[in-house]
1. Can you list residue pairs whose Cβ atoms sit under 6 Å apart, with the first residue in region 1-17 being open to solvent by less than 40 Å² (accessible area, probe 1.4 Å) and the second being at pLDDT 95 or above and part of a helix (DSSP H, G or I)? Count only pairs 6 or more apart in sequence or on different chains.
2. Out of all the residues in region 18-36, which are open to solvent by 20 Å² or more (accessible area, probe 1.4 Å) and either not assigned by TED's automatic domain parsing to the domain that holds H87 or not β-branched (V, I, T) (or both)?
3. So which helices (runs of 4 or more DSSP H) stay within region 179-262 end to end and still have 3 or more residues that are in contact (Cβ under 8 Å) with a residue 12 or more places away in the chain and under 23 Å from the mean Cα position of the chain (by Cα)?
4. Of the residues in region 155-164, how many are open to solvent by less than 30 Å² (accessible area, probe 1.4 Å) and either away from the ligand (no atom under 16 Å from the Cβ) or in contact with a Lys or Arg (Cβ under 9 Å, 6 or more places away or on another chain) (or both)?
5. Considering only residues that are out of contact with any strand residue (DSSP E or B) (no Cβ under 8 Å at 6 or more places or on another chain) and not in a loop (DSSP other than H, G, I, E, B), look in region 62-103 and name the one that is nearest to the ligand (Cβ to nearest atom).
6. Taking the stated definitions as given, is L152 open to solvent by less than 10 Å² (accessible area, probe 1.4 Å), more than 16 Å from the ligand (Cβ to nearest atom) and under 11 Å from the mean Cα position of the chain (by Cα)?
7. Kindly provide the set of residues from region 120-146 that are within 16 Å of the ligand (Cβ to nearest atom) and either of a type in the set (K, R) or not in a helix (DSSP H, G or I) (or both), ordered by number.
8. I need the full set of residues from region 89-134 which are touching a residue at least 12 places away in the same chain (Cβ under 8 Å) and hydroxyl-bearing (S, T, Y), in order please.
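The values are calculated or read from the model by the stated rules, or taken from the named source; none is laboratory data. Here the structure is a predicted model, which means the values were calculated and not measured. No Cβ is skipped: glycine too gets one built from the backbone with ideal geometry, and neighbour counts run over all protein chains shown. In case anyone asks, the SASA skips ligands and DNA or RNA and just uses the protein heavy atoms, side chains included. Shrake-Rupley method; radii C 1.70, N 1.55, O 1.52, S 1.80 Å.
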Amino acid sequence: MNMSKRRIAIRDYYATEFDVDTLTQVIDFSSFSTREFGFVSLNGKFFRNIAFETPDDLQDFLIDRCPTDAYIGAVYDNPPSRKRPIHTLEWIGHELVFDIDINDYDAVRKYVCDCTGAGQVCLRCWQLINVSISLIDETLRRDFGMNDIIWLFSGRRGVHGWVRDSNTFDLDRDQRQSIIDYLSIIKGEDETARVQERKQLKYEFRKRTESTIFRYYLKNIRRKDLVELGLSGNVATNTIRQLKHQDGYVDDNLARSFNLSLARVNKYDEILRRWAPRIDHKVTIDLRRLLRMPTSIHGKTGKVARILDFEDFFDFNPEDEPSIFSDIEEQR
Ligand SMILES: [Zn+2]
């Protein structure tokens, strides 16, 4: 891609559309000057250990340097700089964050949609992300008492959850790990991942997981998915017909009879395994992690890492998000 055109597109975005105050929805400005930032320059170099005195200084930097990617890190006792990098400073805190990427579902996506290759994403497999957000969000609020949670599109193929509750800010690595453990329905990765034994999960959480997953699952189901599970053609047809009749609404009766059919073919846990949240643990427990800056540009896609509204959530399709590079691509 033409570098100077890219530069202009990025500068225009940060000069006219980007509003640095939007960041207050995600980070607390009272500790702004000692927060670490990181950037990828137009020629692909990665820089971190950068701090800004004020949010306006950050915006000036973005307009002036036009980085392709911008990241936010933790808060320290002093401003990070090249002379005083973060490992020489005292760590003060970092929001509790969750990273969910569709790539982590590659082993199970084939059961949900017809995407081929890691680069693709569609509205159907995006439901795997939606079910994870829904479950994690509700569990953090109900079981952990957190209530200030923001979800963002990552700009490419995933989402980031930021928990802003002040009592989560200084959680250490082990405490963050234990929250991840609580939220883990499956153990392991890829094809070998298995559903945890029932007694390993808190009863309420297990119940919530099952009802949330099956609600989403039935809403998105196709007849061929049911046949693939081993259900008879008749049961498959009836289930789809009933769902159509109820306009996609999954009531208790339908859920119960469907779960019985699943139990008969021994596929109940298999559905949970496919649809369970797959959180990138490393991101949550890494206290010095840099995470894509909310409302910044993703350098590879030219899409804005925007804050997701719960209202328009279920129609959100990452493929439909506009790219600031689209004009440049067309001219190539
Ligand atoms: Zn897909």
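1. Between residues of region 1-17 that are open to solvent by less than 40 Å² (accessible area, probe 1.4 Å) and residues that are at pLDDT 95 or above and part of a helix (DSSP H, G or I), the close pairs are Y14/L62; Y14/I63.
2. So in region 18-36, the residues open to solvent by 20 Å² or more (accessible area, probe 1.4 Å) come out as 19, 21-22, 24-25, 28-31, 33-34.
Matches in region 18-36: D19, D21, Q25, D28, F29, S30, S31, S33.
3. Working: elements: 203-219, 223-228, 233-245.
So the answer is 203-219.
4. Count: 5.
5. I63
6. When the stated conditions are applied, L152 passes them.
7. Passing the criteria: Q120, V121, C122, R124.
8. Residues satisfying the conditions are Y105, Y111, S132, S134.
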